[in-house]
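Engineer: A single structure is presented below for examination.
Each reported figure results from applying straightforward, stated rules to the coordinates on display, with no laboratory input. Remember, predicted model here, so these are calculated numbers, not experimental data. Note that each Cβ is placed from the backbone with ideal geometry, even for glycine, and that neighbours are counted across all protein chains shown.
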Amino acid sequence: MSSLYTRSKEFPRNRKSQSDSPPASPSPTAKTLRHERLSRLESGGSNPTPSDSYGDRASARARREAREARLASLTSRVEEDSNRDYKKLYESALTENQKLKTKLQEAQLELADIKSKLEKMAQKQEKTSDRSSMLEVEKRERRALERKMSEMEEEMKVLTELKSDNQRLKDENGALIRVISKLSK
C-alpha cells in the first residue's frame with residue numbers, strides 16, 4: 001500500500017491528500033517516525049501472522065522500556081537538582097548564621113562597653129555635682145548614651161529574633177534533606 005491512511009475513533013479511514021504530507025526533506029527523526037507509521041499502517045491492512053504480533057509486542061515493549069528509561073533519567077535529574085538546591089540553601093543559611101553570630105557578639109561587646117561608660121558617667125556625676133556646666137554636658141552625653149543603649153537593645157532583640165529564625169530554617173532544611181534522602185531511596 002503506497003497511500004497514507006489516518007484512523008480515529010469518530011471517523012473511518014480517510015485518505016490523506018498529497019498536500020497533507022510533510023515537507024520534501026524532513027529531519028532524520030521525522031523520517032524514522034514516518035517510516036514506523038507507514039510500516040504500522042501497511043501491516044494494519046493485512047492479516048497479522050503470529051510472528052508479526054510478536055514483533056509488534058516486542059517493539060511496543062522496547063518503546064515502553066525506552067520511555068521508562070527517559071522518565072527515570074528525568075526524575076533522577078530533578079532529584080539531583082532539588083538536592084543541590086537544598087544543599088545550597090542549607091549552606092547559605094549556615095553562612096548567614098555565622099555572620100549573625102559575629103554581629104551579635106560585636107553588639108554584645110559594644111553594649112557592655114556602653115554600660116560601663118554609663119556607670120562611669122553616673123559615678124562622675126555624683127562626684128562632680130558642684131559643677132553645673134559640666135553636669136549639663138554629662139547629662140547630654142548620658143542621654144545620648146542611653147538612647148544609644150536603647151537602640152542597641154532593640155538591635156539585640158532583632159538579632160536574637162533573626163538568630164531564632166535562622167535556627168528554625170536550619171532545622172527545616174535538615175528535615176527537608178532527610179525527607180528527600182528517604183524519598184530518593
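Engineer: Tell me the Kirkwood hydrodynamic radius of region 93-145 in angstroms, computed as one over the mean inverse distance between distinct C-alpha pairs.
Structural biologist: For region 93-145, inverting the mean 1/r across all distinct Cα pairs yields 13.0 Å.
Engineer: Per residue of region 154-166, what does 6.51 cos²θ - 1.76 cosθ + 1.60 with θ = phi - 60° give for ³J(HN,Hα)? Whole Hz please, x for Gly and Pro, Karplus curve as stated.
Structural biologist: 4, 4, 4, 4, 5, 5, 5, 5, 5, 5, 5, 4, 5
Engineer: Same structure again: Rounded to whole Hz and in sequence order, give me ³J(HN,Hα) for region 86-102 from the Karplus expression 6.51 cos²θ - 1.76 cosθ + 1.60, θ = phi - 60°, writing x for Gly and Pro.
Structural biologist: Values per residue, Gly and Pro as x: 5, 5, 4, 4, 5, 5, 5, 5, 5, 5, 5, 4, 4, 4, 5, 5, 5 Hz.
Engineer: Using 7 Å Cα-to-Cβ label points, what is the Thr75/Leu183 separation (nm, one decimal)?
Structural biologist: Once both label points are built, they end up 1.1 nm from each other.
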